């Protein structure tokens with residue numbers, strides 16, 4: 001454990017923050033501008049993992065393990081979410097022969 | 001026997017339940033017998049109590065604890081004393097006669113079962129009213145008889161006029177009931193109790209003219225005005241004649257309308273100590289007596305004549321109460337119950353024979369066709385006119401003697417009312433039974449004496465009207481005045497404060513002589529006018545003299561109330577409906593609805609169905625929240 005935390009602390013904290021901010025922004029922008037449902041899904045995963053990265057970094061720097069426990073929860077949740085999300089996408093494809101989210105615009109005013 | 005007092009109201013209540021539930025499938029014979037037997041059984045128990053009771057103090061029968069809140073303890077208990085026993089005998093005795101009469105009178109009516117159920121319920125509530133040992137139980141009975149009166153006036157509710165008459169009676173009674181209720185509240189806050197046995201001794205220690213007592217008694221008297229049809233709330237009683245005739249006899253002549261007199265006689269000590277209220281009662285009673293008598297002079301509907309006569313006689317009773325003649329007033333309640341029930345039942349018999357015709361202008365010459373009805377009604381008329389030795393003479397004379405001692409002017413007006421009474425009653429008799437028949441041939445063909453179930457009560461009541469007065473023969477005529485001795489314990493605390501009647505015998509003989517002489521003259525005048533000259537009241541379409549018109553139109557009381565109460569109330573309701581309700585409350589509520597519809601018409605366009613837009617909006621929202629929390633802290 002000491003080994004891992006010291007390894008993490010080799011890189012300064014600022015770099016972690018910067019990296020996860022960049023990954024998170026890529027995720028947000030990806031969600032906003034892409035129309036392929038799978039890509040959007042992947043971008044959501046990017047955002048989640050950016051946060052995970054940050055949690056782990058803070059946890060190591062402040063010597064508190066609860067941040068890493070939290071990451072496990074996030075990953076478990078993400079896995080469950082992926083299962084449901086992919087199932088939805090498969091059903092969408094079967095029904096519309098496309099995974100373009102702009103096709104799914106019938107539920108409106 | 002006294003312990004069985006709870007049976008008295010129970011019998012009619014059971015009768016009500018059986019007849020009410022079985023009204024559609026029980027045969028008429030069963031319904032009629034159950035209803036009559038229930039009241040007769042109560043009469044039997046009452047009679048037993050009457051003969052057994054000899055205490056001077058009231059006996060309180062505690063049935064169960066009813067309301068116990070804070071400092072107030074209201075038990076459900078009955079009070080037996082001379083006053084309630086006599087009322088019990090009147091209610092159950094005359095009640096059972098009228099039940100028997102109704103079996104014949106209502107035999108062709110479709111609502112036979114309903115009628116007897118209501119009648120039993122009425123008797124139940126009336127018994128509760130007189131038996132209650134506190135004002136709250138009395139109030140239950142008070143409201144209950146009002147309800148039954150409403151139900152029975154509107155018995156033939158398919159006729160809109162009858163239904164309106166029922167509503168009128170109910171609403172006018174409500175005005176009085178409010179006064180009664182406020183009076184009871186004031187009693188609670190003053191004495192901390194509602195039981196007669198606790199209030200009256202406390203009140204007896206208060207000084208005469210106490211402001212609170214005066215207010216209490218005025219409020220109670222307002223209740224009596226409504227229930228006993230006095231000025232200015234009397235107009236419901238003549239309209240109440242819309243109900244079946246036995247109802248008029250039982251409720252609107254013999255029992256319910258005397259509830260106000262019973263209540264005041266019961267609370268006599270409170271009233272004795274409030275001279276102001278006493279004067280008000282005397283003046284209102286006298287004014288009612290004289291105005292109703294004047295109206296009765298020109299009425300052509302046989303039941304209306306009797307109705308106004310009832311109002312007028314009730315006025316006499318209040319006049320008696322107002323001058324402190326409690327025994328006299330109660331005596332008149334008793335004799336009036338006999339002869340007025342008799343007159344109403346006789347009128348019912350006439351109406352029955354005339355195929356539901358009530359207009360005296362179409363009657364005449366019924367003497368030979370309805371001999372029993374004629375003879376019994378003649379007894380009743382002689383009694384109400386106040387000729388000795390009939391019942392009305394003694395009671396009316398006792399009231400007038402007290403009035404004479406109290407105030408000579410009141411006496412003169414009261415005597416005038418008595419003469420008017422004799423005149424209009426004999427006018428009714430002459431128009432109905434003498435002369436030649438004025439109805440249609442078909443009615444003439446149908447004329448018949450009523451069945452035995454109707455004539456038997458008439459005969460019994462006629463006997464009572466003749467001999468009923470002997471229970472109160474005054475000392476001056478060699479009697480012992482049994483009634484006054486019997487009731488003495490009830491009015492003891494009042495008489496000790498007011499003193500006895502102190503007229504010498506010459507004055508009493510003179511008073512009797514004047515009133516009897518006047519009555520004979522009034523009867524003679526009626527005889528000359530209606531038999532010698534064969535005068536028949538003119539039709540509605542023909543002109544009348546100004547005075548007759550005022551009397552015939554009942555002093556325009558209804559029109560007056562219409563103008564000063566109903567019209568402004570209608571206008572106010574119209575204002576509230578159109579302005580406050582329609583353009584105020586409705587506009588607000590509808591405005592909210594319309595506003596949200598308009599707003600959502602624009603806002604719903606945001607829901608485009610474009611997932612990208614939703615995500616964009618979400619991100620914008622998250623950023624906005626972040627900025628908000630960032631700048632806030």
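The values are calculated or read from the model by the stated rules, or taken from the named source; none is laboratory data. This is a predicted model, so every value here is computed, not measured. Cβ coordinates were reconstructed from backbone atoms using ideal geometry, including for glycine residues, and neighbour counts include every protein chain displayed.
When each of B:599, B:571, B:624, B:587 is tested for being under 30 Å from residue B:235 (Cα atoms) and more than 12 Å from chain A (Cβ to nearest Cβ), the lone residue that passes is B:571.
For region A:95-109, the set of residues classified as more than 9 Å from every other protein chain (Cβ to nearest Cβ) and either closer than 16 Å to residue B:615 by Cα or touching a residue at least 40 places away in the same chain (Cβ under 8 Å) (or both) consists of A:99, A:100, A:103, listed by residue number.
Could we say that residue B:503 is within 18 Å of residue B:304 (Cβ to Cβ), in the same structural domain as residue B:433 (by TED's automatic domain parsing), out of contact with any strand residue (DSSP E or B) (no Cβ under 7 Å at 6 or more places or on another chain) and in a loop (DSSP other than H, G, I, E, B) here? Judged against the criteria, residue B:503 is not a match. Within region B:321-342, identify whether any single residue is assigned to a helix (DSSP H, G or I) and out of contact with any helix residue (DSSP H, G or I) (no Cβ under 9 Å at 6 or more places or on another chain), and answer yes or no. No: zero hits. Against the test of being away from chain A (no Cβ under 14 Å), in a helix (DSSP H, G or I) and surrounded by 10 or more Cβ atoms within 10 Å (Cβ to Cβ), the options B:619, B:579 yield a single qualifying residue, B:579. Just a yes or no: is a residue in region B:260-269 modelled with pLDDT of 85 or more, out of contact with any helix residue (DSSP H, G or I) (no Cβ under 8 Å at 6 or more places or on another chain) and outside the structural domain of residue B:110 (by TED's automatic domain parsing)? Looking through region B:260-269, none of the residues is modelled with pLDDT of 85 or more, out of contact with any helix residue (DSSP H, G or I) (no Cβ under 8 Å at 6 or more places or on another chain) and outside the structural domain of residue B:110 (by TED's automatic domain parsing). Those helices (runs of 4 or more DSSP H) of region B:163-254 in which 1 or more residues are surrounded by fewer than 22 Cβ atoms within 10 Å (Cβ to Cβ) and touching a residue at least 24 places away in the same chain (Cβ under 8 Å) occupy B:196-204, B:211-227, B:236-239. Every condition in (1) at pLDDT 85 or above; (2) away from chain A (no Cβ under 14 Å); (3) surrounded by 14 or more Cβ atoms within 10 Å (Cβ to Cβ) is met by residue B:563 except one, and the failing one is (3). Look through region A:57-78, keep the residues that are in a loop (DSSP other than H, G, I, E, B) and out of contact with any helix residue (DSSP H, G or I) (no Cβ under 7 Å at 6 or more places or on another chain), and return whichever of them is nearest to the other protein chains (Cβ to nearest Cβ). Out of the qualifying residues, it is A:64. Here is the figure for region B:519-538: residues that are under 17 Å from residue B:422 (Cβ atoms) and surrounded by 18 or more Cβ atoms within 10 Å (Cβ to Cβ) total 5. Within region B:273-287, is even one residue within 16 Å of the chain's Cα centre (by Cα), at pLDDT 90 or above, crowded, with 24+ Cβ neighbours inside 10 Å and under 25 Å from residue B:174 (Cα atoms)? Yes, the conditions are met somewhere in region B:273-287. The sole residue among B:436, B:496 that is without any contact (Cβ under 8 Å) to a residue 60 or more places away in the chain and surrounded by fewer than 16 Cβ atoms within 10 Å (Cβ to Cβ) is B:496. Mind checking whether some residue in region B:24-37 is modelled with pLDDT of 90 or more, more than 18 Å from residue B:100 (Cα to Cα), in the same structural domain as residue B:78 (by TED's automatic domain parsing) and surrounded by 16 or more Cβ atoms within 10 Å (Cβ to Cβ)? Scanning region B:24-37, I find no residue that is modelled with pLDDT of 90 or more, more than 18 Å from residue B:100 (Cα to Cα), in the same structural domain as residue B:78 (by TED's automatic domain parsing) and surrounded by 16 or more Cβ atoms within 10 Å (Cβ to Cβ), so the answer is no.
Please tell me if residue B:108 is in contact with a helix residue (DSSP H, G or I) (Cβ under 9 Å, 6 or more places away or on another chain), on the phi < 0 side of the Ramachandran plot and either in a helix (DSSP H, G or I) or modelled with pLDDT under 90 (or both). Break it down into steps so the answer makes sense when it comes.
Numbers: in contact with a helix residue (DSSP H, G or I) (Cβ under 9 Å, 6 or more places away or on another chain): no; on the phi < 0 side of the Ramachandran plot: yes; either in a helix (DSSP H, G or I) or modelled with pLDDT under 90 (or both): yes.
So residue B:108 does not fit the description; no.
For every residue, the table says whether it meets (1) in contact (Cβ under 8 Å) with a residue 60 or more places away in the chain; (2) more than 16 Å from the chain's Cα centre (by Cα); (3) surrounded by 18 or more Cβ atoms within 10 Å (Cβ to Cβ).
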| site | (1), (2), (3) |
| --- | --- |
| A:13 | no, yes, no |
| A:16 | no, no, yes |
| A:27 | no, no, yes |
| A:31 | no, no, yes |
| A:35 | yes, yes, no |
| A:40 | yes, no, yes |
| A:45 | no, no, no |
| A:52 | no, no, yes |
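Criterion applied to B:483, B:447 was being more than 16 Å from residue B:380 (Cα to Cα) and crowded, with 22+ Cβ neighbours inside 10 Å, and the one residue passing it is B:483. Answer yes if at least one residue in region B:606-614 is within 30 Å of residue A:104 (Cα to Cα), within 14 Å of chain A (Cβ to nearest Cβ), exposed (fewer than 12 other Cβ atoms within 10 Å of the Cβ) and out of contact with any helix residue (DSSP H, G or I) (no Cβ under 6 Å at 6 or more places or on another chain), and no otherwise. Looking for residues that are within 30 Å of residue A:104 (Cα to Cα), within 14 Å of chain A (Cβ to nearest Cβ), exposed (fewer than 12 other Cβ atoms within 10 Å of the Cβ) and out of contact with any helix residue (DSSP H, G or I) (no Cβ under 6 Å at 6 or more places or on another chain), one finds at least one in region B:606-614, hence yes.
Output yes when any residue across region A:17-24 is out of contact with any strand residue (DSSP E or B) (no Cβ under 6 Å at 6 or more places or on another chain), modelled with pLDDT under 90, more than 14 Å from chain B (Cβ to nearest Cβ) and farther than 15 Å from residue B:611 by Cβ, and no when none is. So far as region A:17-24 goes, no, none of its residues is out of contact with any strand residue (DSSP E or B) (no Cβ under 6 Å at 6 or more places or on another chain), modelled with pLDDT under 90, more than 14 Å from chain B (Cβ to nearest Cβ) and farther than 15 Å from residue B:611 by Cβ. Would you mention how many residues in region B:187-219 are out of contact with any strand residue (DSSP E or B) (no Cβ under 9 Å at 6 or more places or on another chain) and under 13 Å from residue B:269 (Cα atoms)? Adding up the residues that qualify gives 15. As for region A:28-41, it holds at least one residue that is within 12 Å of another protein chain (Cβ to nearest Cβ) and part of a loop (DSSP other than H, G, I, E, B).
Restricting attention to region A:79-94, does a residue exist that is within 14 Å of another protein chain (Cβ to nearest Cβ), closer than 25 Å to residue B:623 by Cβ and out of contact with any strand residue (DSSP E or B) (no Cβ under 9 Å at 6 or more places or on another chain)? Checking region A:79-94: at least one residue is within 14 Å of another protein chain (Cβ to nearest Cβ), closer than 25 Å to residue B:623 by Cβ and out of contact with any strand residue (DSSP E or B) (no Cβ under 9 Å at 6 or more places or on another chain).
Note on region B:367-392: residues that are part of a loop (DSSP other than H, G, I, E, B) and crowded, with 24+ Cβ neighbours inside 10 Å amount to 2. Looking across B:67, B:100, one residue alone is over 26 Å from residue B:351 (Cα atoms), in contact with a helix residue (DSSP H, G or I) (Cβ under 8 Å, 6 or more places away or on another chain) and either in the same structural domain as residue B:8 (by TED's automatic domain parsing) or not in a helix (DSSP H, G or I) (or both). It is B:67.
Taking the options B:609, B:595, name whichever one is without any contact (Cβ under 8 Å) to a residue 40 or more places away in the chain and not in a helix (DSSP H, G or I).
Details: B:595 fails: not in a helix (DSSP H, G or I).
Going through B:609, B:595 in turn, the sole match is B:609.
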